[in-house]
Amino acid sequence: MLAAVFAVAGFLIAVGFKRWWSEEVGIAYQWIAGGAGLVAIVWLVYQVFYLRSVKIYTDEVGVWLYQGVFPWQTGIYGVKWRDVDGAVFRKGGIGL
């Protein structure tokens, strides 16, 4: 969602400044808008890969979450079956 907002904002900025500003200023803002659009596209691609990297599985030891796009981000997090009885959920404003 954030990537779509950046992409639309970058497009509108580029179109707006090309139309109403002088040539030198318009070109500078077009580069800024193009950069914002490129960042938005890269962020969108990263989010898609990140969501595709999340895997949840269970085995005889517990429940595990594997996630990460880059090698330094990958990791396994989980709860062993012996510790599941310690998990508590309380409905409240801040979760306490």
Residues of region 28-72 being outside any helix (DSSP H, G or I), open to solvent by 70 Å² or more (accessible area, probe 1.4 Å) and out of contact with any Lys or Arg (no Cβ under 8 Å at 6 or more places or on another chain), in sequence order, are 55, 56, 57, 58, 60, 70, 71, 72
Consider only pairs whose beta carbons are under 6 Å apart and that are at least six residues apart or on different chains; among these, list those whose first residue lies in region 55-70 and is small (Gly, Ala, Ser) and whose second residue is at pLDDT below 90 and part of a strand (DSSP E or B). 62/78; 62/79; 62/80; 68/75
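The values are calculated or read from the model by the stated rules, or taken from the named source; none is laboratory data. These figures come from a predicted structure and were not determined experimentally. Counting neighbours? That spans all protein chains shown, and the Cβs are built from the backbone with ideal geometry, glycine included. Ligands, DNA and RNA are stripped out before the accessible areas are found, and what is left, the full protein with its side chains, is counted by its heavy atoms. Shrake-Rupley method; radii C 1.70, N 1.55, O 1.52, S 1.80 Å.
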